[in-house]
Amino acid sequence: MTASPDIRDVIILGSGPAGLTAATYAARANLKPLLIYGQQPGGQLTTTTTIENFPGFPEGIDGNELMQRFEAQAQRFGAAFLQGQVTRVEVGCCPFRLWLGEDQLSCRSLIIATGASPRMLGLPNEWDLYGRGVSVCATCDGFFYRDKEVVIVGGGDTAMEEASFLTRFARQVTVVHRRDSLRASPPLQRRARDNEKITFRWNSEIAAILGDKTGGVTGVRIRNLENAREDDLACDGLFIAIGHHPNTELFKGQLDMDKEGFLVTRNFTETNIPGVFAAGDVQDPHFRQAITAAGTGAMAALQAQRYLEELNDRQKLCARQCVQS
Ligand code: NAP
């Protein structure tokens, strides 16, 4: 049995390393995958600086360029691409159905690679000041802070990488971290600690963002977590680099998730629904690397291929077909 022409064999959600690798593998298996880009075409790597640890690029490679290469490779094998964001999903029975606004698509297997989005501090005015001094992307916005003072919050790889990057523009970069040691890997820590434009405020958090919509950010109130003392630091920008949360809102109540919302996978990339696979940061609270995301993208496509072959052998459209009304 082959699916009706309106029912795709594979739809892939997300265009980061996981989604694009899945597209290459599925296209090479002649499954004619359709990839829907999602809210951030190219994924998180498009907002980073040079990627220095992706194998095959000993000199490093720009994040945008790497993702363009991923996409060109998937395109070369015939993957189809659609701009837009899925607004609703039904995976309770098959064919699985997806909506992009009013438009509906259906598929026999689905690969979810919707990635993760930056976590925010939860301060009352952070969204009012977003784009007016508050940023989650130094690569995107660093340029606007030439000779200015900026604060960055977080102690992980992203915070250290962004702090170092910001010193290309800013006069002074202050890192505010809630503990007295960094989570970042040793080379990134070293680079930041050795940079004389970067100073650290340890055991501290941002208690308030100062400023308003008209004038933008004018400073931050920093609270020392050891003695609860607060002081105001004048600055022009606040970069938030405190990690990410998985983009799984669409699948709530349909797919198994852990307490932080990451999709739970078993047997590599299988979700609790046969025919639905998950790859990359959306199912990975541990590694969150471009290379591991790409690896799980390949696995998801291979597992989708096997799933479809088994259905074809049994002359079935899908594992659990929707009852026609
Ligand atoms: P992360 O490793 O989860 O680090 C988040 C940092 O923010 C931690 O230092 C954490 O503090 C702090 N934090 C979390 N919630 C906070 C809150 N509410 N208020 C204040 N601080 C808070 O996230 P990441 O740095 O974005 O890195 C994510 C993944 O990408 C990691 O696996 C990392 O290795 C990888 N990455 C790699 C590179 C590279 O290799 N070049 C570059 C960027 C990212 P605690 O330390 O106290 O928990």
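The values are calculated or read from the model by the stated rules, or taken from the named source; none is laboratory data. Keep in mind it's a predicted model, so treat the numbers as computed, not measured. Heads up, the Cβs are rebuilt from the backbone with ideal geometry, glycines too, and the neighbour counts pull from every protein chain shown.
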For the range 244-271, how many residues meet the condition of being part of a strand (DSSP E or B), within 16 Å of the ligand (Cβ to nearest atom) and over 19 Å from Val86 (Cα atoms)? 1
Could you grab the pairs with beta carbons closer than 6 Å, sequence gap of 6+ or different chains, first residue in the range 305-325 and in contact (Cβ under 8 Å) with a residue 40 or more places away in the chain, second one basic (Lys, Arg)? Cys318/Arg108
From the residues in the range 157-179 that are surrounded by fewer than 17 Cβ atoms within 10 Å (Cβ to Cβ) and either within 10 Å of the ligand (Cβ to nearest atom) or of a type in the set (Gly, Ala, Ser) (or both), which one is nearest to His244 (Cα to Cα)? Arg178
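Of all strands (runs of 3 or more DSSP E) completely enclosed by the range 112-185, which ones contain at least 3 residues that are in contact with a Lys or Arg (Cβ under 9 Å, 6 or more places away or on another chain)? Show your work before the answer.
Values: elements: 116-118, 149-153, 172-176.
Output list reads 149-153, 172-176.
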Which of the residues that make up the range 184-202 are near the ligand (Cβ under 10 Å from one of its atoms) and either surrounded by 15 or more Cβ atoms within 10 Å (Cβ to Cβ) or closer than 22 Å to Gly237 by Cα (or both)? Ala184, Leu188
Residues satisfying the stated conditions in the range 294-315, i.e. away from the ligand (no atom under 16 Å from the Cβ) and among the small types (Gly, Ala, Ser): Gly297, Ala298, Ala300, Ala301, Ala304
What number of residues within the range 196-243 are part of a loop (DSSP other than H, G, I, E, B) and either among the charged types (D, E, K, R) or touching a helix residue (DSSP H, G or I) at 6+ places or on another chain (Cβ under 6 Å) (or both)? 7
If we keep just the residues of the range 48-71 that are among the acidic types (Asp, Glu) and assigned to a loop (DSSP other than H, G, I, E, B), which is surrounded by the fewest Cβ atoms within 10 Å (Cβ to Cβ)? Glu59
For the range 173-204, the count of residues that are among the charged types (D, E, K, R), under 25 Å from the mean Cα position of the chain (by Cα) and within 27 Å of Asp128 (Cα to Cα) equals 1
The range 118-130 residues that are more than 26 Å from Val282 (Cβ to Cβ), paired with ones that are near the ligand (Cβ under 8 Å from one of its atoms) and among the β-branched types (Val, Ile, Thr) (beta carbon under 9 Å, 6 or more apart): Leu123/Ile206
Here is a list: Gly78, Gly60. Which entry is on the phi > 0 side of the Ramachandran plot and within 16 Å of the ligand (Cβ to nearest atom)? Gly60
When Phe81 is run through (1) under 24 Å from Thr292 (Cβ atoms); (2) under 18 Å from the mean Cα position of the chain (by Cα), the failure sits at (2)
Does the range 185-193 contain any residue that is touching a residue at least 40 places away in the same chain (Cβ under 8 Å), in contact with a strand residue (DSSP E or B) (Cβ under 7 Å, 6 or more places away or on another chain) and assigned by TED's automatic domain parsing to the domain that holds Gly154? no
When every residue in the range 205-220 that is under 29 Å from the mean Cα position of the chain (by Cα) and farther than 15 Å from Trp127 by Cβ is compared, the one surrounded by the most Cβ atoms within 10 Å (Cβ to Cβ) is Val220
Subset of the range 249-273, residues in contact (Cβ under 8 Å) with a residue 60 or more places away in the chain and hydrophobic (A, V, I, L, M, F, W, C), comes to Leu250, Phe251, Leu255, Leu263, Ile273
Search result, residues across the range 137-156 that are within 15 Å of the ligand (Cβ to nearest atom) and at pLDDT 95 or above: Val151, Ile152, Val153, Gly154, Gly155, Gly156
Could you list, in sequence order, all residues of the range 221-241 that are within 14 Å of the ligand (Cβ to nearest atom), touching a residue at least 40 places away in the same chain (Cβ under 8 Å) and surrounded by fewer than 19 Cβ atoms within 10 Å (Cβ to Cβ)? Leu225
Check the range 273-293 and report whether any residue there is surrounded by fewer than 21 Cβ atoms within 10 Å (Cβ to Cβ), in the same structural domain as Gly14 (by TED's automatic domain parsing) and away from the ligand (no atom under 16 Å from the Cβ). yes
